[in-house]
Structure formats: structure tokens, C-alpha cells
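Remarks on the structure that follows.
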């Protein structure tokens, strides 16, 4: 525990106190939507807001089903320095153009106000109001949260070791060549550092292509720099050093370390402090299917990334003291997104695999007293279900319009026609999804055991979006606050 | 859905003939499920039945046969005698005997149906309990399907049934389906049952307060309790006959015996305080309250036994809900 951590904690405590004071008059829930890139954060937030403001089919969301929810509307966000979440644009893209929103490049914020009548004694006094603050951000940045607890030497040795395993070694070959020529004790040089950082970034970019779908690729700003493009803070790379190596002033090692520390304290920590340190509820969106599509290596990598990221959060039950100074996330939902790419009979297996992936974080949170749930969901359901009877066998299939250029079974789809897809059976034993050679993924061969086709958003006439288990999610995350 | 090995991915065109949408094929699937379930029934219910020794079976069977032989003989003799007196009297006797046999058969059939309905309720509750634990969607759908057909003849549940009918096509997990069914179908019935219990409790307390003899109290409580149990069974769709009622009575008493201790803890304070105030006003009033509470408790046990779903999404009514009125009224008077 050093001085900068203390300062960080003090700032968080001060902000929490302010929130608690405001919260007594105007109850607010800060909902943390965590998810790596392409997990579906933007679509989830869009669908959530749309469902609440337009009144979708939400039979399991009690306050809505009981008729106690009066309405929900967007309201000016509290933080003027942060851009507003472009909900209208995203909705337009999904409903009119039937394309998914583009990947998020910067942080944005949204405030939703729910008017409802409480069932408790409070309800007799009249309607109540709950404010919901939601933040959207590029999922790549979330990877950085794992860096907060690590020194440069620790991170460096881990990153180098990881880059020498499996498929990564192939992508990192160029960077490895430079790495060998640069001794940590060489004198510092901007040219060497810049070259090294570029090659390192190339390796990270190559690893996350859809076909291989690797996830554990910090630092996140290397992939999605935002407004920090070209800054010296983003110009560093791991060196081949031991985890407990000491630095000599003026060396390459010292220069890299300085920049890494600057990155952590000026980029990562403020990001965490502003948006994650004071969450009440959290949903962790995981695109399990993309990793499953790529193969066991990608799934194992996803587990690594998630475990690393989730250690940064504080989960557990709250006491009145912790509510004042450092509230903890007391309900956390792990959601396997895009469950509409599968027939519902496979959802149990998908949930089992996700449970296996987040088992460490899950146990930790449950042990600390937080309520934990794992669900397969689809914020926007793009498919229907059907079955194919062939040769005495019945195959559960999903029907939807694949995105243009998607391929399966030797066909390339135009993006206009509807097709029925059977994506393959998920492994029954979740451990097999992570085990090397557990099954054949698409990362290794063209015809893997699983093929998840991406579909275009559904056609909707009334502005409402079909979903899978969104009501269940809302009930778990907000149900008790709206009781 | 037991898949032995993994099946490879596949893509089909929409004009593929082997493609079936559940929107059209679903009802058949549900029918199939139901047939399977009815086939399973005896297996489910046999272990619940108490074991009978073959000796006892023989005893009761022979006794029963003797008695029915005797009755049959008596009737036959009677008709013969009647014929011996006057022919027309004999015909009247024969006609009456025929009517008697027919009504007996109809009554027995109705009893059997009523017993079957009660068994169905027990079975539904057991299945719902199992689904709440296992969260299996297929089993949940089965419970919902059964509930829908069970309440198909209750107009008051029409809206809830329509909503359930819609939702069961969506992707909802088993336990959630059961909770949803409870929320859609039960509230109206619950309210009616609670009203019935509260009214019965009030009636008992009033009658005991004015009844001159203690023995009358007992008679009144017993009569009201019997009526109450029947009413509640009817509210939840049980409609018990005579044998059904005896069976129900046994269930209610067992339930009371099992939960009596717990329930005593939950409402004891209320009762003591309420009773204390009422007793200060008048000793008879105090006894009235006690009898009312007893009736309310029997009513609660009847609700727990007759409701086809466990209390999972809805709050279980407590003594305060159904007997709360007793104390206030008495204390004020």
C-alpha cells in the first residue's frame, strides 16, 4: 500500500460520501456494465433503456408486471465533462437500418429516471423515483483494470511469458525479435521504445481478430487509444525482465517503467475512480460464444482476462459504514450475451461454461456476501427458433438473417435472406471448452465443431425489441430497489 | 434431450421441407407431453399410498362383499314381497331400486372425479416444488400446461391464462415460469380464499361470544371449519366430494400438526395482546377471539393444502392477514 493508493482511496471515499448525501433525497443506482470489447455493452444499454422507456414485454420484472412502474424517461446526466450516450443513434441503427451499433470509441454516460410506486409503507405516501446512471465505454479499456495492482516488472514478465504460448507466439514473432536485441540495461532511447511499442501493438491487434478472438490483451488503450493517440504514455512495451527486477536510472527498463507508471496513474486509475469505484450493481457481459467459436485457446484466454479484470472490483454485502465511504457491489450478474445465436435447449450448457469461466470472481463475490447470478441473455433477440426433422433426428435450429459476408456450411450469406442454422452442440462438460484439444475451434481449422453466425437485428414494427431474459436481468439488478 | 455425441453445425434454407416452426407444431408437442405425464401418474402416486397388509385387504373386501350382498338380497326380497302384495307396488319398488343403483353409480363416479382433482392439485404442487429447485424448462412448461387446462373452466382466470399462453412460447426458465404462473393465476383465488377465511373466523368469534353453552362453541367451530375447508378447496378448483373431503380433512389436520408450532411463534404476540385486551372487556369476547383464531388457522392450513402452487412469488398469508380484523373489532367494541 503506497501513498498514491491512499490518495486514490481518499478521493473515492469523499465522492462516496457526497453520493450518500445526495442519495438520501434522491435514490440513485449506479449500474456498472462491464464487458470486454464486442461483448455487447452498447446494445445492452440501448435495449435496456428502450425496454424501460417504451414498455416492452417484461413479465418477470415485478414492478413492471405489477403495474407499479409509472414510466421512465431520460434525464440530463450529472457529469457535464462526459459525452452523452447516443441512444437515439443506436436505436435508429438497430431498428431502421437493422445493423448493430459501431464499436464504442470513447466513454459516454446516460441517466434514466424511473417513476414508480413502492409496495412498502413508502408507497402509500405517493410515487417514488429512482435514478439509474449507466456508463458506456470501449471494452478494451476494461482490460487495464488488471494493471492497477501490478508493477511494470510484474506485468512485463507475465506479458512476455503469455506471448510465447500457443497461437500468440505466431503473432508475436516480429516483436519477439526486437525483444531479444533489447536488453533492459541498454541506455534509454526513444526510437527503440517507439519501435518496440508499435510491434507490440501489432501483436495485440492480430491476436484479437474474430477468427482467434483472444481477450487478455492489456493495455487496452493500445488497441483503442481514444484521445491519447501518440502520447508518450502509450509508448512503452514489456521487456524480458524478471518479476522482481530492480531498475538502474537511465536504462531502457527505467524509461519503460516510468511510462507504464504514468499510464497506470494518469489513465487507468482515474478511469477506474470515475466510473467503477462507486458502483451499486454490476452486470458483467461476456461474449462467450465468440470465444467458443474460435476454440479452446480463446476460451481459456477469456477466462484469464476476466479473472484479471474482476479482481479490481469490490463485491460484497454493505454495512452502513461501507455505504458511506466505499460502497460495494452487492449484486452481480454474469451474463453470456448473444444467447439468441443458440437454441434455448443449449442455454444451460452455455451458462455452465460461463460459470466455469468466472468461477473465481464468482466465489470471491459470493463469499464476500454479494448476490451472484449467471444467465444466458440476449439484449436484442435477432432469431426465432424452429426445428429440422431429418433422418429420424430432430435438430433444434435458429432462424434469422445473417449479416452480409457471414458464412456457414460452405455458404456465404447476402445479408438479405433468412436461413436456419444449427450451430453445433456445446460441450456438455464445461471443462472441455477450455481444455486444449477439448474440441475443434475455428481458429485451427476451417470447419470447427461449433459455428456461431452473426445475425442482423430483427425487423420490428412497433419500436420494441424482442429479447431473451432481459426482464430477469432487470429484476435481479433493480428489483429490490423498486420493491 | 439426451444428446450422446456432439452434432456438427449445419445451415438450412428456409424452403427446406424438413424445417418445422414451433408456432404451428407446438400444440402437438404439448399434447405429447401431457400424454406422457398421465402415463407416469401411477408411478408417482404409488409410493405416497400407505402400505396395506394383504390380510386387511382380504378382511375389508370380504366384509364389503358380505354387506353389499346383504343389501342386494334385502332389496331383492323387498321387491319380491312387494310383487307378492300388488304387482304395481312391485314395479314401483323395482323402479326405485333402479334409480337408487343409478344414482349410486353417478355419485361414486363424481367422488372418483373429485378425488382425482384433489390428487391432481397435490401432484401439481409437488411438480412445481421440484421445478423451483431444478429450474428445468420442460418440466416448468408441463406444470404451466397442466395449470392452464386445470383452470380452463374458471372465467376469472381468463386474463392470466391468456398472458401465460403468450409467455410460454418465450424463452423463460422453469422456475421463472412457475413463479410467473403463480403471479398470473393465483392472486384472485388467493384473495377470495383469504376473504372466505376471514369471514369464517369473524362468524365463529361472533357466535361463540353470544352462544350460551360451551358445547355449542365446539359444534359451531366444527361446522364452520368443515364448511370452510370445502369452500377453500372449491376456490382453488378442488371441489371435493365426501371421500375427497375426508382426505382433505386429514391433510389439513396433518398440516396443522406439522406447522402448528411454527405458526404459534409467528403470531403469538398478536394473539396474546389481542386476547388480553378482549378478555379485559369480557371473558366471552376473549373466548370468541380464541375460537376465531383457531378457525383462521384451520383456514390457512386449508389454503396451504388446497393451493396447486407453492408460495414462491407471492407472500404466504399469515394469521394477521386473515384474523387481524378480529382483534381490532373486539378491542374497539
If you count, for every residue in A:416-423, the Cβ atoms of partner chains within 10 Å of its Cβ, what is the mean?
4
The Cα radius of gyration of the stretch A:1-98, divided by 2.2 N^0.38 Å with N its residue count, comes to 1.41
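As an exercise, use a Förster radius of 45 Å and the Cβ-Cβ distance of residue B:216 and residue B:66 to find the FRET efficiency, rounded to the nearest 0.05.
0.65
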Any idea what % of Cα-Cα pairs in the stretch A:96-201 are farther than 18 Å?
72
Peptides A:99-109, B:296-306, A:347-357: what's the order by average Cβ count within 10 Å, highest mean first?
B:296-306, A:347-357, A:99-109
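Sorted by mean Cβ packing within 10 Å, highest first, what order do the peptides B:84-92, A:245-253 take? The partial results should precede the final answer.
Values: B:84-92: 11.9, A:245-253: 15.4.
Put in order of decreasing packing, that is A:245-253, B:84-92.
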If I take R0 = 51 Å and measure r between the Cβ atoms of residue B:243 and residue A:54 in this structure, what FRET efficiency does the formula 1/(1 + (r/R0)^6) give, to the nearest 0.05?
0.40
Principal semi-axes in Å for the protein assembly as shown [√(5λ), Cα gyration tensor, largest first]:
65, 35, 23
Packing-based order for A:388-398, A:266-276, A:335-345, using average beta carbon neighbours within 10 Å, highest first
A:335-345, A:266-276, A:388-398
Show log10 I(q)/I(0) for chain A at q = 0.08 Å⁻¹, two decimals, from a solvent-free Debye sum over equal Cα scatterers.
-0.51
Report, in whole Å, the centroid distance computed from the Cα atoms of the stretch A:44-91 and the stretch B:155-221.
36
Share of Cα-Cα pairs in the stretch A:429-483 lying beyond 18 Å, as whole percent:
64
Checking the a/c ratio against 1.5 first, then a/b against b/c, what shape does the Cα gyration tensor give for the stretch B:60-168?
oblate
Plugging the Kirkwood radius over Cα pairs into Stokes-Einstein for the stretch B:104-229, at a temperature of 10 °C and a viscosity of 1.306 mPa s, what D comes out in µm²/s?
92
Taking the stretch A:364-476, the whole-percent share of alpha-carbon pairs separated by over 16 angstrom is 72
Using alpha carbon coordinates only, what is the Rg to Rh ratio of the stretch A:260-376, with Rh defined as the Kirkwood radius?
1.02
At what distance in angstrom do the alpha carbon centres of the stretch A:117-164 and the stretch B:50-125 lie from each other?
74
How far apart, in nm, are two points set 7 Å out from the Cα along the Cα-to-Cβ line at residue A:412 and at residue B:58?
8.5
Let me confirm one metric for peptide A:457-470, namely the mean number of other chain beta-carbon atoms within 10 Å of its residues' beta-carbons.
1
Evaluate peptide B:166-175: per residue, the Cβ atoms of other protein chains within 10 Å of its Cβ; return the mean as an integer.
5
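We did not get these values from a lab; they are worked out from the coordinates using the rules stated. Just so it is clear, the model here is predicted, and its values are computed rather than measured. Here Cβ is always computed from backbone atoms with ideal geometry, including for glycine, and neighbour counts include all displayed protein chains.
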